[in-house]
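Below is one structure, written out as structure tokens, with a few remarks after it.
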Amino acid sequence: MRTPTRRKTNRSINPAVIVHTAQPIEQRADPNQLIQQLAQQMAQALFQQQHVQPVQNRRNTLTVKEALEEVFENSISEYKLYSMLRAGNIPHVKIGAKYLLRRDTLEAWMRQQEQGYR
């Protein structure tokens with residue numbers, strides 16, 4: 001029996017931005033001015049959305065597969081990641097046969113590795 005394969009999903013999609021205006025639209029208002037005001041409100045809402053990170057969805061302790069997807073963005077193979085973990089090249093905790101990795105430690109480790117190439 002063949003097992004179904006999982007499709008990769010893009011989890012970085014942000015929800016739509018909804019702009020609510022409390023001001024009623026006047027009948028005699030200039031349409032160009034209304035469009036300009038709405039564009040400014042939308043730009044401000046987008047700017048605020050970009051600077052807010054969803055904390056509740058961002059777990060710090062990751063399994064190897066989660067770290068591979070979320071931190072390494074599937075840029076290396078799972079085999080390579082396991083071999084680097086076994087060699088002790090990547091900071092981790094091993095509990096039984098399971099490797100656990102911390103997101104913030106991996107990100108700091110990656111920044112440190114980048115410094116070595118400058």
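The figures follow:
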quantity	calculated
Length gained when the stretch ILE35-GLU73 is fully extended (0.36 nm per residue, less Cα-Cα span)	9.7 nm
Solvent-accessible area per residue, Å², over the range 67-118 with all protein chains present [probe radius 1.4 Å]	72
Extension gain, ALA108 back to LYS94 (0.36 nm per residue minus Cα-Cα distance, nm)	3.1 nm
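The values are calculated or read from the model by the stated rules, or taken from the named source; none is laboratory data. Note that this is a predicted model, so its numbers are computed, not measured. Just the protein is used for accessible areas: all its heavy atoms, side chains included, with ligands, DNA and RNA removed. Shrake-Rupley method; radii C 1.70, N 1.55, O 1.52, S 1.80 Å.
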